[in-house]
Number of protein chains: 4
Amino acid sequence: MSTIAFIGLGIMGGPMADHLVRAGHSVVGLDHSPERAARLVEAGGTAADSIEQAVKGADVVAIMVPDSPDVQSVLLGDDGVFAHVQPGTLVIDFSSIRPDVTKELAQIGAERGLRVLDAPVSGGEPGAKNATLSIMVGGGDEDFERARPLFEVMGETVVHVGGAGAGQVVKACNQIVVALVIEAVAEALVLGSKAGGAPHRVVEVLSGGLAANKVLEVKGEKFLSHEFTPGGKVAYHRKDLGIALAAGREYGVPLPVTALVDQMFGVLEAKGRGDWDHSALLTLIEEGSDSAVHKA
Amino acid sequence: MSTIAFIGLGIMGGPMADHLVRAGHSVVGLDHSPERAARLVEAGGTAADSIEQAVKGADVVAIMVPDSPDVQSVLLGDDGVFAHVQPGTLVIDFSSIRPDVTKELAQIGAERGLRVLDAPVSGGEPGAKNATLSIMVGGGDEDFERARPLFEVMGETVVHVGGAGAGQVVKACNQIVVALVIEAVAEALVLGSKAGGAPHRVVEVLSGGLAANKVLEVKGEKFLSHEFTPGGKVAYHRKDLGIALAAGREYGVPLPVTALVDQMFGVLEAKGRGDWDHSALLTLIEEGSDSAVHKA
Amino acid sequence: MSTIAFIGLGIMGGPMADHLVRAGHSVVGLDHSPERAARLVEAGGTAADSIEQAVKGADVVAIMVPDSPDVQSVLLGDDGVFAHVQPGTLVIDFSSIRPDVTKELAQIGAERGLRVLDAPVSGGEPGAKNATLSIMVGGGDEDFERARPLFEVMGETVVHVGGAGAGQVVKACNQIVVALVIEAVAEALVLGSKAGGAPHRVVEVLSGGLAANKVLEVKGEKFLSHEFTPGGKVAYHRKDLGIALAAGREYGVPLPVTALVDQMFGVLEAKGRGDWDHSALLTLIEEGSDSAVHKA
Amino acid sequence: MSTIAFIGLGIMGGPMADHLVRAGHSVVGLDHSPERAARLVEAGGTAADSIEQAVKGADVVAIMVPDSPDVQSVLLGDDGVFAHVQPGTLVIDFSSIRPDVTKELAQIGAERGLRVLDAPVSGGEPGAKNATLSIMVGGGDEDFERARPLFEVMGETVVHVGGAGAGQVVKACNQIVVALVIEAVAEALVLGSKAGGAPHRVVEVLSGGLAANKVLEVKGEKFLSHEFTPGGKVAYHRKDLGIALAAGREYGVPLPVTALVDQMFGVLEAKGRGDWDHSALLTLIEEGSDSAVHKA
């Protein structure tokens, strides 16, 4: 069993830390919200007041925070993780951030004798709660093997995809597929409906053959009801596509359709729908056709 | 039990007719290839030498041929189906053709007292063989109900989507989703691989979360091995996207990403890959990035 | 001097016929509007009541009508041009129509001993009035040389681009460039303005270097004032892009950006702006950014 | 007359400094290449060995270097411009760099009592040599008026577009238009040629009406001869489009076609054509159509 500092106990980090507690690990949590910390204590963990206190004696430090600057601040700040942990500590960053930042952090960590993994996840709140996340890991073989038992407590699909930063790029690739599938469903559904197909029957057909996909399975109802509470937010998804496009630039890979769909997410943001579920791409196709998909 | 004339006994029509025979119907087949007709006879059907002979006494006429002009010729030709059938006959066109042609045929049929359904299918050769096709039906309610027992012998997902032509448009919608999912996987897989992910692991990850889709399940191996024997051919898929784009024009629905991916299929055709499997969209992304996805 | 039947005396055809009269030719006009015919008579021409009457004794027949079916009806109708003219007559079609229709008409004409040229024009109403049109001619060398003196009376740039239909394709190419330049100006102008540039100064800068173009010169004021009375209508321009995309399909040429901008014109149509000037592409970028370009 | 330090005497900066000398100003040049410095001395300027020496006594400091990091190093380095100039000095940055960097530099400069203008130029080597540049200026009114006489010595179109950074964004807008016009010409020219038009005649037609543009005027010959020595390099143009897309993200402006053409420039880079003239977009359309435009 490990002693694990878990920094960031939000919608994702909270249930992930809980699973570690339940698996028998000693988990010390840290979050700016006292309620969240209290919830972990209730679940059997303990709460810390500072990074220094949280990481003291930990052999693993896990973090799950929103974006690149947050990770940089938590790890590299004057009073941050790197300043207080012992050499040999395993640092696992579950956040979805820019791969170049990840690589830089891994290098700085290595210089201090730390072992850093990037391990962004896919599956959202239900995945975190039900321990069915996909976890995409970048970093060294040995470090991955050391962390694997922890990953398997939280996720269903755990894949070591490559060296430092590879987890982040593959997470971005995952988001490419999700975005384009949403757009595909949106174009098909509006056209099929406008041509006289009952929308729920179009959804039924698309779910039955080679067009079948998880987006339609999970979000089919959203497309029909236009109830766009997230789920995955437009603004976060666009952040991820920005990471994908920057990676495409760095690695010389053309991403023509990703580039186009990224612009469409931008239109959603400009229209004030950044907080809607990403399936709201549908609304752009509807508004561009002066027609709406209605549930029959 | 019905007496069914089945015209067009190719890769798709052959096994579909077989299923009807096995279900106890009396099936009279017609095909320009004597081998195909012989196969149906072996399976328990009979073979005709002309449309006139095939449809004589049939209460249902089914056709499965490649494209719009073929259907027009079989149905409207001087010696075609419409010239020889009795009023009240049910005519089911399983071919994937232009919805405007379908609507015109339905109208001409109605004037002669015939009942015409468009019923394009999705699922390919395996779907036809295993009777797991998706069948998208356009036409009248009563006619659909009359045909439903036959459809259920051949398909798993049978959906009456709307009036005449609606089956064709929904088939085109299905092809929109398939095309865009292929492109999504291609962009994601090349980027993930070039950034250091082992391709088969990238496929594994993409198959595990919200990005999961049937294309990856069925064609994951093709993407990794670059073995592009069809399956669904580039040229046929482009024909279908052309139908989708024409329908978008007619119904006033914007299809920006479909329009772009259609152009990419056009590039594949220009490069002489019209007969490759449609997953060959991958090769365009690879060639645009001067990199290849290799199976580890 | 020639005897010329001129069919279609609208916004374009009217002034074009006038120029022929002024150059000394004997022009017999035909139009369904008596006012238009009267105007030609005032200018020195004569008016006919039927195609038969118009073409009697003509050595040249010119037509300028809206779309493919109009041309087909005028030329091929039971009482149409081809039914009444003498072999050897030169038939010049100034309309912008589908190249496949043009080619078919040229072939039918050739079978009857006629000489048919396609000669679509660019330059709009001012070009027609000021005899500064660009005329793109498809057809045989000899026929072009015979028609050249007439073209030079109406246009400034007269180019024999290729065989039958080539004029139509090149006209479509012209429309590709115009559409993409409009979109380019729209994206640049909204971005520059939103980033703090005064719109009229952004226009001034864009007009000064390698970005300079005729669209900005002619329509710069429209972009700034949002006064979108046509000029070139969205709906006509989309018809032309449809011709271009069909030609791209036929000849195997990828037109990725044309395909995308065509979809954007479709959105304008769906929003009820089909009758606006094509520079209204600007409104889509503005609405997608929740910002407007205002004249300072 | 002013005393001007000019840092960066390359293809652009060299002739620009010469014009200032010729106009009677006292110009002290600095470049890492002794040959370039010598050329300025020949022209009547003087050469410095360090930034400190160059800016001593200068009331204006001009810089023209390749990219954001170069500007940051020259201005903010320990031994850089800001460390050595007197408060009140006018600093003019002619480089094309990221607007956020420009804004940051303007702010740091303001804190030290300096007056900073961004003044990127368009028009290339011929524009620099012939003093026909377009100069797009961001910064304060008063500072612009002070610099205007210098700008007018070097450029033909001098426009004060807005506050700090606005010059950079408008330069990026200029590059949007240039890129999209190149793509427009490429699509039109390949289609027109493949459909049977002689390429040079297609160019002639496109140059004659609403499609007319400076790109075709300046680079028409390159398109026909496939002689792609730059001119404007693909790699630099892509850098500029990256700036435009980042600005679109920041200001919430959709740039769908720019995003797509940017990906196409990326393909050119991946194919090893980053050093070719940007008109080489033509080669992508040709290769996608398996056809080439040849000069007749």
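No lab work stands behind these numbers, since they all come straight from the coordinates. Keep in mind it's a predicted model, so treat the numbers as computed, not measured. Please note: Cβ atoms are built from the backbone with ideal geometry, for glycine as well, and neighbour counts cover all protein chains shown.
At a Förster radius of 60 Å, what calculated FRET efficiency corresponds to the Cβ-Cβ distance of A:Thr3 and B:Ala235, to the nearest 0.05? Please list the in-between numbers first.
Details: r = 61 Å, r/R0 = 1.02.
Using R0 = 60 Å, I get an efficiency of 0.45.
Helical content of chain C, expressed as a calculated mean residue ellipticity at 222 nm, amounts to -17000 deg cm²/dmol (DSSP H runs of 4 or more residues, -39,500 (n - 2.57) each, divided by residue number, nearest 500). Here, the range A:169-289 is characterised by an Rg to Rh ratio of 0.97, where Rg is the alpha-carbon radius of gyration and Rh the Kirkwood radius. Within the shell of other residues whose beta carbon sits under 12 angstrom from the beta carbon of A:Gly10, the net charge comes to -2, with Lys and Arg scored +1 and Asp and Glu -1. Ratio of Rg to Rh for chain D: 1.02 [Cα atoms; Kirkwood radius as inverse mean 1/r over pairs].
I want the antiparallel fraction of DSSP beta bridges within the range C:3-164, as a percent rounded to 5.
Values: 3 of 28 bridges.
Given both bridge residues lie in the range C:3-164, the antiparallel proportion sits at roughly 10 percent.
Between C:Asp100 and B:Leu76, the modelled labels are 1.5 nm apart [label points 7 Å from Cα along Cα→Cβ].
Proximity of backbone amide H atoms, modeled 1.01 Å from N, is registered between D:Gly163 and D:Gly139 at under 5 Å, excluding neighbours fewer than 5 places apart on the same chain.
Phi-derived couplings, Karplus 6.51 cos²θ - 1.76 cosθ + 1.60 at θ = phi - 60°, listed residue by residue for the range C:75-89: 7, 9, x, 3, 10, x, 4, 4, 6, 10, 7, 7, x, x, 5 Hz, with x used for Gly and Pro.
Just for the protein assembly as shown, what percent of DSSP beta bridges are antiparallel, to the closest 5?
Just about 15 percent of them are antiparallel.
Position C:Asp141: other-copy label points at 6.6, 6.9, 7.2 nm, ordered by increasing distance, label point 7 Å along Cα→C-beta. Take D:Asp79, move 7 Å from Cα toward the beta carbon, and the resulting point lies 4.1, 9.4, 9.6 nm from the same point in each other copy, nearest first.
Across the residues of A:154-161, average count of Cβ atoms on other protein chains within 10 Å?
Details: counts 0, 2, 2, 7, 3, 11, 3, 11.
Rounded to a whole number, the mean comes out at 5.
For the range C:102-108, backbone phi angles converted through the Karplus equation (6.51, -1.76, 1.60; θ = phi - 60°) give residue-by-residue couplings of 4, 5, 5, 5, 4, 5, 4 Hz, Gly and Pro being listed as x. Partner shielding of B:276-287 amounts to 2, given as the average count of beta-carbon atoms from other chains within 10 Å of each residue beta-carbon. Neighbouring Cβ atoms from other chains, within 10 Å of the Cβ of residues in D:263-275, number 5 on average.
Summary of the geometry: the range B:93-113 and the range D:204-264, compared by the centres of their Cα atoms, lie 47 Å apart.
Ordered by the count of other Cβ atoms within 10 Å of each Cβ, fewest first, B:Met154, B:Met264 give B:Met264, B:Met154. Close amide H partners of B:Phe6, meaning residues 5 or more places away or on another chain with modelled amide H under 5 Å apart, are B:Val28, B:Gly29, B:Leu30, B:Ala62. Near A:Ala280, within a Cβ-to-Cβ distance under 13 Å, what is the net charge of the other residues, with Lys and Arg +1 and Asp and Glu -1? Cβ neighbours under 13 Å give a net charge of -1. Considering the rotation that superimposes chain A on chain B, the residue of A whose beta-carbon lies nearest the axis, and that distance in Å, is A:Asn213, 2. Output the antiparallel fraction of DSSP beta bridges having both residues in chain D, as a percent to the nearest 5. Approximately 15 percent, going by the DSSP bridge assignments. Between copies, the label points of C:Gly44, set 7 Å from Cα on the Cα→Cβ line, lie 6.0, 8.7, 10.3 nm apart, reported in increasing order to one decimal in nanometres. The phi-based Karplus calculation (6.51 cos²θ - 1.76 cosθ + 1.60; θ = phi - 60°) puts the 3J(HN,Hα) values of the range C:57-64 at x, 6, 9, 10, 10, 10, 10, 9 Hz, whole numbers, x for Gly and Pro. Of all aspartates and glutamates in the structure, those lying under 19 Å Cα to Cα from D:Lys103, and not within fewer than 8 positions of it along the same chain, are D:Asp67, D:Asp70, D:Asp93, D:Glu111, D:Asp118, D:Asp141, D:Glu142, D:Asp143, D:Asp240, D:Glu250.
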